[in-house]
Amino acid sequence: QVQLVESGGGAVQAGGSLGLSCAASGRTFGWYTMGWFRQAPGKEREFVAAVSRSGDRKVYADSVKGRFTISRDNVKKTVYLQMNSLKPEDTAVYYCAAASTSRNQGLASEYDYWGQGTQVTVSS
């Protein structure tokens, strides 16, 4: 069992930066692929980024590639999402998630545990 709690959301102007954190409980954090997803009003939840168990492999959605960076600290049991050059279209609730497999990191259905989400609002 893993419990996830996101923090770090807020409001920022376009071009600005925000850093999100997701703290996990439980002793098996290192067993899980970790991902970030987001959901804007009226839209489906979409994949943002994922990081492998050891942190050496990272995958990004095309829409955030080059602007967002995912990382993890298995000692602190925390996964991070650094978001730079933010755009209004990045506005959404951001969720972190944990997957016991790494078959398809871009699919929400592959993830077993989810946080409650944190709001990110980017104004133009």
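Out of the residues in the stretch 103-124 that are touching a helix residue (DSSP H, G or I) at 6+ places or on another chain (Cβ under 8 Å) and farther than 24 Å from Pro41 by Cβ, which is least open to solvent (accessible area, probe 1.4 Å)?
The extreme case among them is Asn104.
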Every residue in the stretch 1-28 that is more than 15 Å from the chain's Cα centre (by Cα) and hydrophobic (A, V, I, L, M, F, W, C), please. Val2, Ala11, Val12, Ala14
Of all residues in the stretch 37-67, count the ones that are touching an Asp or Glu at 6+ places or on another chain (Cβ under 9 Å) and of a type outside the set (A, V, I, L, M). 6
May I ask you to list the residues in the stretch 107-124 that are in a strand (DSSP E or B) and either without any contact (Cβ under 8 Å) to a residue 24 or more places away in the chain or of a type outside the set (A, V, I, L, M, F, W, C) (or both)? Tyr113, Thr118, Gln119, Thr121, Ser123
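Here are some residues: Tyr111, Tyr94, Tyr80. Which one is farther than 19 Å from Gly9 by Cα and either touching a strand residue (DSSP E or B) at 6+ places or on another chain (Cβ under 6 Å) or polar (S, T, N, Q) (or both)? Can you show your working first?
On the way: Tyr94 fails: farther than 19 Å from Gly9 by Cα; Tyr80 fails: farther than 19 Å from Gly9 by Cα.
Answer to the selection: Tyr111.
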Lys76 is checked against (1) open to solvent by less than 60 Å² (accessible area, probe 1.4 Å); (2) not in a helix (DSSP H, G or I) and fails just one. What number does that condition carry? (1)
In this structure, does Val59 turn out to be surrounded by 14 or more Cβ atoms within 10 Å (Cβ to Cβ) and closer than 19 Å to Asp112 by Cα? yes
Please find, among Asn74, Asn104, the residue that is over 20 Å from Gly9 (Cα atoms), without any contact (Cβ under 8 Å) to a residue 60 or more places away in the chain and touching a Gly at 6+ places or on another chain (Cβ under 9 Å). Asn74
Of all residues in the stretch 19-53, which are open to solvent by 30 Å² or more (accessible area, probe 1.4 Å) and touching a helix residue (DSSP H, G or I) at 6+ places or on another chain (Cβ under 8 Å)? Arg45, Phe47, Arg53
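Say we look at the stretch 79-95 and pick out the residues that are in a loop (DSSP other than H, G, I, E, B) and of a type in the set (Ser, Thr, Tyr); which of these is surrounded by the most Cβ atoms within 10 Å (Cβ to Cβ)?
Looking at the filtered set, the residue picked out is Thr91.
The values are calculated or read from the model by the stated rules, or taken from the named source; none is laboratory data. These numbers were taken from a predicted model, which means no experiment stands behind them. Ideal geometry is used to build each Cβ from the backbone, glycine not excepted, and the neighbour counts take in all protein chains shown. We work out accessible area using only protein heavy atoms, side chains counted, and drop any ligands, DNA or RNA first. Shrake-Rupley method; radii C 1.70, N 1.55, O 1.52, S 1.80 Å.
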